[in-house]
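J.: Here you go, one structure.
The values are calculated or read from the model by the stated rules, or taken from the named source; none is laboratory data. Note that the structure is predicted; figures quoted are calculated from it, not measured. Here the Cβ positions follow ideal geometry from the backbone for every residue, glycine too, while neighbour counts run over all protein chains shown. Remember, those area values only see protein heavy atoms, side chains included, never the ligands or the DNA or RNA. Shrake-Rupley method; radii C 1.70, N 1.55, O 1.52, S 1.80 Å.
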Amino acid sequence: MAIFSSVRSQRGTNRNTEATEQLIAFKLRGEWFALPVAAVQKVIPLGTMHGDPHNTGISLTLHQGQEITVVDVGHRIFNEAASSLMADDLEATFQSKADDSQTSQRCLVLIKTAEGGVVGVPIDSQPAIRRAGKSQFAPIPSSFLDRGNIHCVSSMIVDDGGVDPLFLLDPESLSSI
């Protein structure tokens, strides 16, 4: 007795399936970074930041009546001195808005902390959802980590399709204050 199966099910058996991870990708200081979707609570417009008179890289903002700690990405990721980078970035953003009406509003990515709190990370572009196969994740070369002066990055996501690489951020390192 012959066993009949549909063409659709036969095509599915020949397909290689790879586990993928859903990421939120965004631009910081001209480079593309990503966070796992599971680590992000939400993305909101960047509001007014308060309370960093000593330029520590940590400030506060309010969202829906909740105080949110904001971590200066330059200070945390790029290990830059926590001068008035956020103020400089905001001034540059306002200047570029005056120059280009298509410029999008800066956003704040709210990252869940291990203690159940939330930390905000300001980003330079509207975020995008991307999927990356497990085979696209590559370790960061130690020579780059040593000399590149970049922190809180766990791996790099390389796409053979000509898309710029993404640096995968470690949410725990990024949210620890």
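J.: Using 0.36 nm per residue, how much length does the chain from Lys42 to Ala138 gain when fully extended, once their Cα-Cα distance is taken away?
T.: Numbers: separation 96, 0.36 × 96 = 34.56 nm, distance 2.65 nm.
Residue separation times 0.36 nm, minus the Cα-Cα distance, leaves 31.9 nm.
J.: Please give the length that would be gained between Ser154 and Glu18 if that part of the chain were fully extended, namely 0.36 nm times their separation in residues minus their C-alpha to C-alpha distance (nm, one decimal).
T.: On the way: separation 136, 0.36 × 136 = 48.96 nm, distance 2.07 nm.
Here the segment from Ser154 to Glu18 would lengthen by 46.9 nm.
J.: While we're on this one: For the range 30-46, take each phi angle, set θ = phi - 60°, evaluate the Karplus expression 6.51 cos²θ - 1.76 cosθ + 1.60, and give the result in whole Hz per residue in order, putting x for glycine and proline.
T.: x, 10, 8, 10, 8, 10, x, 4, 5, 8, 9, 7, 5, 10, 10, x, 6
J.: Sort Ile58, Ile157 by heavy-atom solvent-accessible area, probe 1.4 angstrom, most to least. Each step should come with its number before you reach the end.
T.: Details: Ile58 45, Ile157 5 Å².
Highest to lowest solvent-accessible surface, that is Ile58, Ile157.
J.: Now, a different point. Quote the FRET efficiency, to the nearest 0.05, computed for Leu60 versus Ala114 with a Förster distance R0 of 30 Å and r equal to the Cβ-Cβ distance.
T.: Details: r = 20 Å, r/R0 = 0.67.
About 0.90, to the nearest 0.05.
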